[in-house]
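Quick notes on the structure that follows.
The values are calculated or read from the model by the stated rules, or taken from the named source; none is laboratory data. Keep in mind the model is a prediction, meaning the values are calculated, not measured. Here the Cβ positions follow ideal geometry from the backbone for every residue, glycine too, while neighbour counts run over all protein chains shown.
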Amino acid sequence: MNSEQIELVRTSFAKVAPIADQAATMFYEELFERDPSLRGLFPEDMAEQRRKLMTMLGMAVNGLNDWDGLRRIVADLGARHAGYGVKPEYYPTVGAALLATLSLGLGEDFTTEVKQAWSSVYAALSGAMIEAAEAATTSDRLAIAE
């Protein structure tokens, strides 16, 4: 991700932030439509989950210029998600749901450049989360084996 992509992500997220709960609702509807089996990973009442999603997205967007700091935060998140049953193969579906939601929310402002910027950011964030989740899982297996 380069500085232009970071700016595109920030600018586009600022357009979505005022409708945070609606955007989060659209995201989860899209996610569960793409893979209904993921619904079981979430609570029945999604209000708090929607708030957490938008808070984390906002934090990630605001932290893009400090990749080392942000990487530590999302790595911790990835390790926690592994404990909730999130598998690496779920991440592409999440990314596709995120892009679809942004496309719906931004309309004509969801240009090819904005899509590419979000794709790059998501790839970096999800890569850090998956790496941390796999390390946590390996660590857990080693601890059990001892």
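For the reader, a short list of remarks on this structure follows.
- Candidate set: the range 94-129, residues that are in contact with a Ser or Thr (Cβ under 8 Å, 6 or more places away or on another chain) and among the aromatic types (Phe, Trp, Tyr); chosen: the one farthest from residue 18 (Cα to Cα): 118
- When the range 12-26 is filtered for residues that are touching a residue at least 40 places away in the same chain (Cβ under 8 Å), more than 21 Å from residue 46 (Cβ to Cβ) and surrounded by fewer than 17 Cβ atoms within 10 Å (Cβ to Cβ), only 15 remains.
- Residue that is surrounded by the fewest Cβ atoms within 10 Å (Cβ to Cβ), among those in the range 75-109 that are in a helix (DSSP H, G or I) and among the aromatic types (Phe, Trp, Tyr): 90
- Per the listing 38, 57, 64, the residue uniquely hydrophobic (A, V, I, L, M, F, W, C) and more than 19 Å from residue 11 (Cβ to Cβ) is 38.
- Being under 19 Å from residue 131 (Cβ atoms) and β-branched (Val, Ile, Thr) is not true of residue 19.
- Cβ-Cβ under 6 Å pairs, at least 6 apart or on other chains, the range 83-112 side under 14 Å from residue 13 (Cα atoms) and at pLDDT 95 or above, far side assigned to a helix (DSSP H, G or I) and of a type in the set (Ser, Thr, Tyr): 106/12; 110/103
- Subset of the range 22-73 that is aromatic (Phe, Trp, Tyr) and modelled with pLDDT under 95 - its residue that is nearest to residue 128 (Cα to Cα): 67
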